[in-house]
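Before any comments, here is the structure.
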Amino acid sequence: MKTIIATLAVAFVAAVTGVAGVVYFGLINVGADDPHTGPVHAFLDTARNRSVEVRANDIEVPNLDNEAQIRAGAGNYDSMCVGCHLSPEAAQTELSEGLYPAPPNLAKTGIYDDPAKTFWVIKHGIKASGMPAWGKSMDDQYIWGMVAFIKQLPNLDARQYRDMVAASGGHQHGGGETAVGNHHGDSQAEDGGDHHGNSGADHHGSASPMGHSDSGTHAESSSTEQSGSDHHAPGSASDHHAPTPTPTTHTHADGKKHVHED
């Protein structure tokens, strides 16, 4: 028995040392352009699926056929998800192609076999992937709206998708909304602009890459400065000459006029 225990202990130490060596010498390539080996991928895929299944098991799924809820989900999906999970007939994006594991094309696959799993993933996210935990800023009712919309998504064509997004309230999730700079479709113009109503323009009135305003803005600024410099208070140091006197005309009783200089 002692021999067996000693052998197991040695094997354990050797395994730990080997793993530590692999990590220390950087033998694991964590680049997103280098896929996992088959066994590692199978292990991680199984671990993820089982983790979601166990944690979503007790989630009660509400009615997902409410049209207003589905429309609200369309606006949030287009603002928050479409860059990775795409829309009907859309081409791959830089995000959807560059992430690993690759995000599923929900316009084709729809939700998990159980809506509760989709809700859990949207709310809690997935570690070491590009999937955020939207539940940190989004109320449950809005997450369910996204689940309801994703359930319908594979049945929509591109026009139906655009119409549904246009009829939605856009990016909304119960408070804490922020402008979403990279997102997406129709909502980009709504969320990407500044607070002065200029979509995509900088605070100088233009979208020049170096942050400079356009020539029209410079001209307006110069005109304003020049106009301001021409209006000095009387008696100020900037007055270079006295005001021009205003002549007055006096009419005599015999009808003759005489001009007086003040």
Loop trypsin sites (Lys or Arg not before Pro), the stretch 81-141, which have at most 15 other Cβ atoms in a 10 Å radius of their Cβ (DSSP) | K127
Given a Förster radius of 51 Å and the C-beta distance between A158 and V23 as r, what FRET efficiency does 1/(1 + (r/R0)^6) yield to the nearest 0.05?
-> 0.65
Sorted by mean Cβ packing within 10 Å, highest first, what order do the peptides 47-57, 85-95 take?
-> 85-95, 47-57
Whose amide H sits under 5 Å from the amide H of M131, counting only residues 5 or more places off or on another chain, with H placed in the peptide plane?
-> I126
Which of rounded, prolate, oblate describes the stretch 1-103, given a ≥ b ≥ c as roots of the alpha-carbon gyration tensor eigenvalues and a/c under 1.5 marking rounded, otherwise prolate only if a/b is larger than b/c?
-> oblate
On full extension of the chain, what length is gained from K136 through K108, given 0.36 nm per residue of separation minus the C-alpha to C-alpha distance?
-> 7.4 nm
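Since every read-out is calculated from the coordinates, none of them should be taken as a lab result. All of these numbers come straight from a predicted model, not from anything done at the bench. Virtual Cβ from ideal backbone geometry, glycine too; neighbours counted across all protein chains shown.
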